[in-house]
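Read-outs: derived from the displayed coordinates by stated rules, not from any lab. Note that the structure is predicted; figures quoted are calculated from it, not measured. Glycine gets a Cβ as well: all are built from the backbone with ideal geometry, and neighbour counts include every protein chain shown.
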Amino acid sequence: MYFFNKTIFVNNLSNIHSVFTKNYIIQKSWIPTTICSEKIAIKHYKDESDPEYMIRIWRTNTIFDYWYNGFTCGNFIASLYYTKNEDSIKITYLALNDSSYRSFDKNSDRINNKDSDAIASTLIDYIKEIGKEENKRKIIIDVHSNLSIYKKDYEKRGFVLTNRRCLDNSYWIETEYIL
């Protein structure tokens, strides 16, 4: 995990992919040139009391990247939570602040569908890389039985439907990607 327990700042959405690749190098353009600037924060962490790993991406104002606004629903871009099992990784939550996201914050700055798709691909590819490095057999994610999100986000990325219903909600179906 390339940047675990760190918060990294980038200048725009197009730099997010670089953070999740193995050849991540801090770019000079990412270093703040002003005291206060608008950035995008990316944090990958795990609370010791929780089995889930979390990746959060949000817009923030920073002061030399030492102080920054925390993650809220108003500045949210994307979140991905996952757990590691013996032979698989389960994505327990993936949300992007795009046109399909239902937000309680009406002032939330939504990302366009092209950026949303690119960020979703980057996050899922990152989880696939973790799975390969840790010799996991598959990535699992639950989708609603109406399959709208499955068709939008997962089918084109190689996930296949299973016959397994989720234990906690029978309206959700497990999908998986075999590594």
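Of note:
- Computed label-point distance, nm, for sites L147 and N135 using a 7 Å Cα→Cβ extension: 3.6
- Estimated FRET transfer efficiency (W172, E48; beta-carbon r; R0 25 Å; 0.05): 0.30
- Phi-derived couplings, Karplus 6.51 cos²θ - 1.76 cosθ + 1.60 at θ = phi - 60°, listed residue by residue for the stretch 8-13: 10, 10, 10, 7, 8, 4 Hz, with x used for Gly and Pro.
- Least to most buried among H44, H144, H17 (fewest other Cβ within 10 Å first): H144, H17, H44
- The D117 and N61 beta-carbon pair, evaluated with R₀ = 22 Å, returns a calculated FRET efficiency of approximately 0.25.
- Of the GluC sites (Glu not before Pro) found in the stretch 125-167, those that fall in a DSSP loop while having at most 14 other beta-carbon atoms within 10 Å are E134.
- Only aspartates and glutamates eight or more places from K39 in sequence, or on another chain, were considered; those with a Cα closer than 15 Å are D65, D109.
- Between N12 and Y93, the contour length at 0.36 nm per residue exceeds the Cα-Cα span by 26.8 nm.
- Whether the stretch 111-162 is rounded, prolate or oblate, judged on the alpha carbon gyration tensor where a/c under 1.5 counts as rounded: oblate
- Eligible aspartates and glutamates near K128 by straight Cα distance, threshold 19 Å, same-chain separation 8 or greater: E52, E86, D87, D117, D142, D153, E155, E174, E176
- Model label points for F4 and D109, set 7 angstrom from Cα along the Cα-to-Cβ axis, are 3.2 nm apart.
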